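Read through the structure below, which is laid out as structure tokens, and then see the notes.
The values are calculated or read from the model by the stated rules, or taken from the named source; none is laboratory data. Being a predicted model, the structure only gives us computed values, none of them experimental. For neighbour counting, all protein chains shown are included, and Cβ atoms are generated from backbone atoms with ideal geometry for every residue, glycine included. To get the accessible areas, we keep the full protein, side chains included, count just its heavy atoms, and leave off ligands, DNA and RNA. Shrake-Rupley method; radii C 1.70, N 1.55, O 1.52, S 1.80 Å.
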Amino acid sequence: MLGGFGLIGCGAVLHVSDSFAFSQLRADRTTSIRTSNDETALLGISLVDSVETGAEETHLAALTNNTNSAMTISLTLEDPSQAELSTRSVTLASGGSTSVAISVANDSPTGTDALSVEFYASNNTGLSTSLIRSINVESGEQPSLIRNIRDRTENNTSKYRITYQVNNVSDFDNIKISVKNLDVTWAEDLFVERSVREGIVEYSQGGTEGNEHEFTFEVFDGTGTPVLSESVTDVSSGENPPGNEEPSNSDGPKVETFSIVDTTQWNTTNYSLDYEVSNRDNFEEVQVTFENTANDWATETVSNGSFPTGNVSYSQGGTEGDTYEITVAVINQNGITIDSESITHVSGSDGNVSYP
């Protein structure tokens, strides 16, 4: 009665006509239901366990027609924005096989069963079958640690502001950060453990300017295994150590534009700055730094939490004609600078400047 055809497995529904011929066979399952006879069923499917984001034309599945007549197979992604299939429809002769490749988008969601494909097959005898398969999506990028150590040492006090960001660790558990003074034993060391992927750590110790400090970063996954580690040393002097990087977030808030009106007069620098930022996700505030490159005492940072537009102002006497590095930075809810843009301007030289 089955004519030698294998069934797809549990969950199958058979529709039998008056002539006892099978007119339809349907089955909907995900990878949580694994069977041993997928490859020998009416539509044989040998599917990979996982794919990676950013992968181009990588093997997804081998399809085999196990019926006695030609079979047409259609493939549909549940979320077409996740990937591109090498073929969406193929016709196989009896016993024929083919391979299907997939190109996964860089921004595709990752995780268990994150990508689903529906297979629909039919032949000229009226037999049809459809099923859904879900596979894991892993990040195609390598785990990375971005760290930024700012040396703010002054007045014989070692001061550091440490920014970190952990990327592409799918099973991230925690990061451990330590600061150790290598020159004196009486100085208090710092050790912190954080369960968030990004953040800021502050360190300060009086009477230690000029001492060498060791900074250690260790990233652990859910099994307690260290995934990433890095150590760097720095002599506290106000100069930053090498290897600093700026954290980023491609989906986070961005600086779109800002404009500055310069009304400097009577040897007093006056700036009024209007800004516009985009993407409110995790937005906390905008920080604008008016850095006087000649006089540190005239440098000032002003904040504004208004979104998407806002205004800040700056005024400082005795600075007309000084050069300013003006930076607009977007800060997220973890205190991290996610995006920033800068322009250089001589106060009193031009009434209006803007970015971009």
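Below are the figures for this structure:
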quantity	calculated
Members of segment 149-185 that are over 30 Å from the mean Cα position of the chain (by Cα) and farther than 22 Å from ASN240 by Cα	THR185
Count of residues meeting criterion [at pLDDT 95 or above and aliphatic (A, V, I, L, M)] in segment 156-183	4
Qualifying positions in segment 330-345 - within 17 Å of SER259 (Cβ to Cβ) and without any contact (Cβ under 8 Å) to a residue 60 or more places away in the chain	SER342, THR344
Matching residues in segment 179-203 - criterion: being touching a Leu at 6+ places or on another chain (Cβ under 9 Å) and not charged (D, E, K, R)	VAL179, VAL201, TYR203
Residue that is surrounded by 17 or more Cβ atoms within 10 Å (Cβ to Cβ) and among the small types (Gly, Ala, Ser), where the choices are SER229, SER248, SER236	SER236
Subset of segment 251-271 (residues that are outside any loop (DSSP other than H, G, I, E, B), polar (S, T, N, Q) and surrounded by 12 or more Cβ atoms within 10 Å (Cβ to Cβ))	THR257, SER259, THR268, THR269, ASN270
Long-range neighbours under 8 Å by Cβ, at least six apart or interchain, first residue in contact (Cβ under 8 Å) with a residue 24 or more places away in the chain and at negative phi within segment 305-318, second open to solvent by 60 Å² or more (accessible area, probe 1.4 Å) and part of a loop (DSSP other than H, G, I, E, B)	PHE307/ARG280; PRO308/ARG280; GLY317/ASN267
Search result, residues across segment 49-108 that are among the polar types (S, T, N, Q), in a strand (DSSP E or B) and touching a Leu at 6+ places or on another chain (Cβ under 6 Å)	ASN65, THR98
Flag if VAL90 is within 26 Å of PHE172 (Cα to Cα) and either surrounded by 13 or more Cβ atoms within 10 Å (Cβ to Cβ) or at pLDDT below 95 (or both)	no
Failed condition for PHE191, given (1) part of a loop (DSSP other than H, G, I, E, B); (2) modelled with pLDDT of 90 or more; (3) surrounded by fewer than 17 Cβ atoms within 10 Å (Cβ to Cβ)	(1)
Filter result for the condition that a residue is more than 30 Å from ALA70 (Cβ to Cβ) and in contact (Cβ under 8 Å) with a residue 24 or more places away in the chain, over PHE220, PHE191, PHE119	PHE220
Condition check for GLY317: open to solvent by 30 Å² or more (accessible area, probe 1.4 Å), small (Gly, Ala, Ser) and farther than 30 Å from VAL179 by Cα	yes
Identity of the residue in segment 42-99, free of Cβ contacts under 8 Å to residues at least 40 places away in the same chain and of a type in the set (D, E, K, R), that ends up nearest to ASN123 (Cα to Cα)	ARG88
When residues of segment 337-348 are limited to those that are touching a Gly at 6+ places or on another chain (Cβ under 9 Å) and modelled with pLDDT under 90, the one surrounded by the fewest Cβ atoms within 10 Å (Cβ to Cβ)	ASP339
Single match in ASN155, ASN174 (criterion: among the polar types (S, T, N, Q), open to solvent by 30 Å² or more (accessible area, probe 1.4 Å) and either farther than 27 Å from ALA329 by Cα or out of contact with any Leu (no Cβ under 6 Å at 6 or more places or on another chain) (or both))	ASN155
Test result for ARG133, assigned to a strand (DSSP E or B) and under 30 Å from GLU209 (Cα atoms)	no
Close pairs (6 angstrom Cβ cut-off, 6 or more residues apart or separate chains): within 12 Å of LEU47 (Cα to Cα) and open to solvent by 20 Å² or more (accessible area, probe 1.4 Å) in segment 122-140, at pLDDT 85 or above and not β-branched (Val, Ile, Thr) anywhere	ILE132/SER116; ILE132/GLU118; ASN136/SER50
